[in-house]
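Student: I have a structure I would like to understand better, so I am pasting it below and will then ask my questions one at a time.
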Amino acid sequence: MAVDSPELKTLPAEDSHLVTYPRFLWECFKISFDGSPLFYAWMTGLTAIALVGVNAWANQMAEGMVLTNMTDHVSWGLYIANFTFGVGLAAGAVMMVIPAYLYDDRDMHEVVIVGELLAIAAIFVCLAFVIVDMGRPDRLWHMIPGLGRFHWPMSMLTWDVIVLNGYLLINLHITGYMIYSRFVGKPLNRKWYIPFVFVSVVWAISIHTVTAFLYTGLGSRPFWNDAIIAPRFIASAFVTGPAFLIVALHAIRELMRLAIPDGAIDTLTSILRVTVWINLFLLASEVFTQFYTGGTHAASAHYLYLGLDGKSGLVPWIWTAIALNLCAAVLLVLPATRAVRGWVVAACVFTFVGVWIEKGMGMVVPGFVPSTMHELVEYTPSLTEWKLTAGIWAMGIGIFTVSVKIAGHVLTGRSGLGSRRIS
Amino acid sequence: MTEVTRRATVAGLGATLGAVAFAKAMEPLRHFTEDLSLDQFLQRHYRELSPEDLERVLRRIEEDTLRERGAHVSVADDRPIPGVQFGYALNLSVCNGCRKCAEACHHENNHDRSTNQSYIRVFEMEQGSLDFEHAATHYDHAVPAPGKYYMPVQCLQCDDAPCVAVCPVEATWKEEDGIVVIDYDWCIGCRYCEAACPYHARRFNWSEPEIEAEEINPDQGYLSNRVRPKGVVEKCHFCLHRTRRGRLPACAEACPTGARVFGNLLDPDSPIRWVLDNKRVFVLKEELGTRPRFFYFFD
């Protein structure tokens, strides 16, 4: 998947983009719908799950948000939990970009586009979760500056809209430019993507910081009103990003038969080995502060970890998360396991799920329990919420699969206008 | 069949099936779009409506209420009165926890009947504590109970309201007379305000409010008690459709103990001013810096 091979520079540019760009899109479309029986089965399965989600959303629109189990006490639930986690996944993809471009890691440079495509898919997932959480998505246009009333800079949510969409556009540009240039057989012009790559590194940090600020800025909820949330978000983003990418790179190598250098996977594993421990350390700092101080401000933490007044809905969730993260952390340092592919992949899956719980349900829901007036109302997601959640993730994985497939085809020269000359 | 045409046929079949499945999955959405007219969809923010546009919107809401709910109502747009700043005080020594205020709010403001919604919740507090951790709202016994006192909580109409700051579309704001209002036709239903409010003063319409035609209070305001659409946030508005016409809020009128004192903070002869000048008043969660306009005091 090398991107800027020197031999490309000899190719002449002939047709105008007006001709080649539609041909490029058509080729992308064809690649998306053509593949092995396994690919068809995979995409059909994902589409089926996504359609279950679409149907759940249509019903939720017709009946109202009453189909969720959210209440005025717990007014954000599984959707916003997944949104928060998804932003972390999108930001975590930068853990391929930094080694590739800041440390000039050649192996990582070969496959860095996988990280950028993950960022795109993850942002689509995030935006979908926000939209399904809205009571009136038909009024989304009220947020468009100029048309509606965009409450910037006061509302942190407007900042989030800017950084998430900005991050999406930057990554669409970088990946789109690379794949299209290769498709038409033109050499890459560094000034058309290198500045964007560097911006994307800073931007990746910003998306998760702003998402943390959504919570930390609320003085009414002590569980969130805590400066450690933003650093924790970044740390756990750098857990989920590499964890997902390690598994994805193995899958791409095995299933798509594309050359993935070991060096890239090794670097990601080294990063993960450190970030899982940083994440656990920040968690421990948080837990100590909450429990040693005690008092009413620690009520949410009590509810989360131990249960409060006989209510303990989140206790199994959070201890599962901690157990998974601890297992992963140990597997990644033990000499007997840390270099064994099976164990590393297991560690990735463990910590991915662990952070999904910890940062999702474990971070969003306790902010509401007890409520600002100290009422204890518990929350368990409804079937509608689970269907929608599964549907959105299926859509995201579908976008990721198809985009990686397109990138693989074009960048290895299997599709493209200049492809015959390269091979 | 050749390999190519067979593949194309399978792909075409797959695509058709996919499209049909998608259409089928989206089908329930029709119920949502049926209820939404183009006028409603394109309606501007309340503060951007010209007098003629606003007039049209008010009449349309009246027609919609008649068509969809079978109730004749009049929807007005009462504006703040210059020289009036509303404030509210509540005497905790005399409040007996009867919840007549919450009930009056329920009827005045056309709340959802199935959830017995109200903007007011009355906390039964433990003698000797101001901590809501030891309070309950769902008490079901004769009041006042021994060892308890009662604290009704509704929107405090904060001067530095976190809910207003966080709204991404300016669907909620503070009016010149101090009342924090919501444009129900502009709210996108993200519920960020609900997360931001330290007093649990906001409510979300999880479904279409249920209310019998004959029970609908026909005296309505655009920014206050008209029947709210599904999927938007609502809150106490100091009954602005009454108070801006010189009447008391429904809760103050209903209170049998005289615990509630409402009025114009700028009027030196008003009862609210007398309370603020002569009683040791306090506000809820003062440390958060929200500067509420709703005061509590003990006699």
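The values are calculated or read from the model by the stated rules, or taken from the named source; none is laboratory data. Just so it is clear, the structure is predicted and the values come from calculations on it, not from any experiment. Heads up, the Cβs are rebuilt from the backbone with ideal geometry, glycines too, and the neighbour counts pull from every protein chain shown.
Per-residue answers, yes or no, for (1) in contact with a Gly (Cβ under 8 Å, 6 or more places away or on another chain); (2) within 19 Å of B:Arg60 (Cβ to Cβ); (3) modelled with pLDDT under 95:
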position: B:Glu170; (1), (2), (3): no, no, no
position: B:Asp185; (1), (2), (3): no, yes, no
position: B:Tyr222; (1), (2), (3): no, yes, no
position: B:Val227; (1), (2), (3): no, yes, no
position: B:Gly231; (1), (2), (3): yes, yes, no
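Student: Moving on to the next point. Just name the residue that is farthest from A:Ala48 (Cα to Cα) out of those in region B:1-33 that are within 9 Å of chain A (Cβ to nearest Cβ) and more than 48 Å from the chain's Cα centre (by Cα).
Tutor: Out of the qualifying residues, it is B:Arg7.
Student: Filter region A:49-62 down to the residues that are of a type in the set (A, V, I, L, M) and more than 8 Å from chain B (Cβ to nearest Cβ), then identify the one that is surrounded by the most Cβ atoms within 10 Å (Cβ to Cβ).
Tutor: A:Ala56
Student: Across region A:209-241, what is the number of residues that are in a loop (DSSP other than H, G, I, E, B) and either in contact with a strand residue (DSSP E or B) (Cβ under 9 Å, 6 or more places away or on another chain) or surrounded by fewer than 18 Cβ atoms within 10 Å (Cβ to Cβ) (or both)?
Tutor: 6
Student: What residue, among those in region A:72-105 that are farther than 24 Å from A:Ala128 by Cβ and touching a residue at least 12 places away in the same chain (Cβ under 8 Å), is surrounded by the fewest Cβ atoms within 10 Å (Cβ to Cβ)?
Tutor: Checking each candidate, the answer is A:Leu102.
Student: So the check is Cβ under 8 Å with 6+ separation or different chains; which pairs have a first residue in region B:197-223 that's under 15 Å from B:Arg67 (Cα atoms) and a second one that's part of a helix (DSSP H, G or I)?
Tutor: So the pair list comes out as B:Ile211/B:Arg69; B:Ala213/B:Arg69; B:Ile216/B:Thr65; B:Ile216/B:Arg69.
Student: Something else now. Residues in region A:291-310: is at least one buried (at least 21 other Cβ atoms within 10 Å of the Cβ) and free of Cβ contacts under 8 Å to residues at least 60 places away in the same chain?
Tutor: Among the residues of region A:291-310, not one is buried (at least 21 other Cβ atoms within 10 Å of the Cβ) and free of Cβ contacts under 8 Å to residues at least 60 places away in the same chain, which makes the answer no.
Results for (1) at positive phi; (2) assigned to a loop (DSSP other than H, G, I, E, B); (3) aromatic (Phe, Trp, Tyr), shown as yes or no for each residue.
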residue	(1), (2), (3)
B:Val20	no, no, no
B:Arg30	no, no, no
B:Phe41	no, no, yes
B:Arg44	no, yes, no
B:Asp53	no, no, no
B:Arg67	no, no, no
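Student: Kindly provide the set of residues from region B:88-131 that are in contact with a Ser or Thr (Cβ under 7 Å, 6 or more places away or on another chain) and within 14 Å of another protein chain (Cβ to nearest Cβ), ordered by number.
Tutor: Listed by number, the residues that qualify are B:His111, B:Arg121, B:Val122, B:Phe123, B:Asp131.
Student: Step by step: first the residues of region B:230-243, then only those that are more than 14 Å from every other protein chain (Cβ to nearest Cβ) and over 16 Å from B:Ile272 (Cα atoms), then the one that is surrounded by the fewest Cβ atoms within 10 Å (Cβ to Cβ). Which residue is that?
Tutor: First pass over region B:230-243, keeping only residues more than 14 Å from every other protein chain (Cβ to nearest Cβ): B:237-243.
With the extra rule that they be over 16 Å from B:Ile272 (Cα atoms), the set shrinks to B:237, B:239-242.
Numbers: B:His237: 22, B:Cys239: 26, B:Leu240: 24, B:His241: 24, B:Arg242: 20.
So the residue we want is B:Arg242.
Student: Please name all residue pairs, on different chains or six or more residues apart, with Cβ atoms under 7 Å, provided the first residue is in region B:163-183 and is away from chain A (no Cβ under 12 Å) and the second residue is aromatic (Phe, Trp, Tyr).
Tutor: B:Asp177/B:Phe86; B:Gly178/B:Phe86; B:Ile179/B:Phe86; B:Ile179/B:Phe238; B:Val181/B:Trp173
Student: Right, another one. Please work out if A:Arg232 is farther than 23 Å from A:His17 by Cα, within 14 Å of chain B (Cβ to nearest Cβ) and among the charged types (D, E, K, R).
Tutor: no
Student: If I filter region B:244-275 down to residues being part of a loop (DSSP other than H, G, I, E, B) and of a type in the set (A, V, I, L, M, F, W, C), which single residue comes out as nearest to the other protein chains (Cβ to nearest Cβ)?
Tutor: Among residues in region B:244-275 that are part of a loop (DSSP other than H, G, I, E, B) and of a type in the set (A, V, I, L, M, F, W, C), the one nearest to the other protein chains (Cβ to nearest Cβ) is B:Ala259.
Listed here are the residues, each with its yes/no results for (1) part of a loop (DSSP other than H, G, I, E, B); (2) within 19 Å of the chain's Cα centre (by Cα); (3) β-branched (Val, Ile, Thr).
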residue: A:Glu375; (1), (2), (3): yes, no, no
residue: A:Thr389; (1), (2), (3): no, yes, yes
residue: A:Phe400; (1), (2), (3): no, yes, no
residue: A:Gly416; (1), (2), (3): yes, no, no
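Student: Turning to a different aspect of this structure: Out of A:Arg149, A:Arg182, report the one residue that is free of Cβ contacts under 8 Å to residues at least 60 places away in the same chain and of a type in the set (Lys, Arg).
Tutor: Exactly one of A:Arg149, A:Arg182 is free of Cβ contacts under 8 Å to residues at least 60 places away in the same chain and of a type in the set (Lys, Arg), namely A:Arg149.
Student: What number goes with the only condition from (1) surrounded by 14 or more Cβ atoms within 10 Å (Cβ to Cβ); (2) within 14 Å of chain B (Cβ to nearest Cβ); (3) closer than 20 Å to A:Ile252 by Cβ that A:Pro37 does not pass?
Tutor: So A:Pro37 meets the others, but not (1).
Student: OK, next. Here are some residues: A:Pro187, A:Pro222. Which one is under 27 Å from A:Ser403 (Cβ atoms), more than 21 Å from the chain's Cα centre (by Cα) and in contact (Cβ under 8 Å) with a residue 60 or more places away in the chain?
Tutor: On inspection, the qualifying residue turns out to be A:Pro187.
Student: Do we find a residue being facing chain A (nearest Cβ under 7 Å) and surrounded by fewer than 17 Cβ atoms within 10 Å (Cβ to Cβ) anywhere in region B:139-158?
Tutor: Checking region B:139-158: not a single residue is facing chain A (nearest Cβ under 7 Å) and surrounded by fewer than 17 Cβ atoms within 10 Å (Cβ to Cβ).
Student: When you check A:Thr384 against the structure, is it in contact with a Cys (Cβ under 8 Å, 6 or more places away or on another chain) and closer than 29 Å to A:Ile131 by Cβ, yes or no?
Tutor: no
Student: Looking at this structure, is B:Leu223 in a loop (DSSP other than H, G, I, E, B), touching a helix residue (DSSP H, G or I) at 6+ places or on another chain (Cβ under 8 Å) and more than 28 Å from A:Thr372 (Cα to Cα)?
Tutor: No.
Student: Modelled with pLDDT of 95 or more, aromatic (Phe, Trp, Tyr), touching a helix residue (DSSP H, G or I) at 6+ places or on another chain (Cβ under 8 Å) and under 30 Å from B:Glu287 (Cβ atoms): is that true of B:Phe238 in this structure?
Tutor: no
Student: Of the residues A:Val344, A:Val330, A:Val349, which single one is in a helix (DSSP H, G or I), modelled with pLDDT of 95 or more and under 19 Å from the mean Cα position of the chain (by Cα)?
Tutor: A:Val349
Student: Further, regarding this structure: Filter region B:86-130 for residues that are surrounded by 22 or more Cβ atoms within 10 Å (Cβ to Cβ) and in a strand (DSSP E or B) and give the result.
Tutor: Of everything in region B:86-130, those that are surrounded by 22 or more Cβ atoms within 10 Å (Cβ to Cβ) and in a strand (DSSP E or B) turn out to be B:Phe86, B:Gly87, B:Tyr88, B:Ala89, B:Leu90, B:Val122.
Student: All but one of (1) touching a strand residue (DSSP E or B) at 6+ places or on another chain (Cβ under 9 Å); (2) without any contact (Cβ under 8 Å) to a residue 60 or more places away in the chain; (3) on the phi < 0 side of the Ramachandran plot; (4) within 10 Å of chain A (Cβ to nearest Cβ) hold for B:Arg191, so report the exception by its number.
Tutor: If we test B:Arg191 against (1) touching a strand residue (DSSP E or B) at 6+ places or on another chain (Cβ under 9 Å); (2) without any contact (Cβ under 8 Å) to a residue 60 or more places away in the chain; (3) on the phi < 0 side of the Ramachandran plot; (4) within 10 Å of chain A (Cβ to nearest Cβ), just (3) comes out false.
Student: Then there's this: If we scan region B:29-43, do we find a residue that is in contact with an Asp or Glu (Cβ under 6 Å, 6 or more places away or on another chain), farther than 30 Å from B:Pro292 by Cα and in contact (Cβ under 8 Å) with a residue 60 or more places away in the chain?
Tutor: yes
Student: Follow-up. Please go through region B:282-293 and pick out each residue that is out of contact with any Pro (no Cβ under 9 Å at 6 or more places or on another chain) and either surrounded by fewer than 18 Cβ atoms within 10 Å (Cβ to Cβ) or not assigned by TED's automatic domain parsing to the domain that holds B:Ser129 (or both).
Tutor: Within region B:282-293, B:Phe282, B:Glu287, B:Gly289, B:Arg291 meet the criteria.
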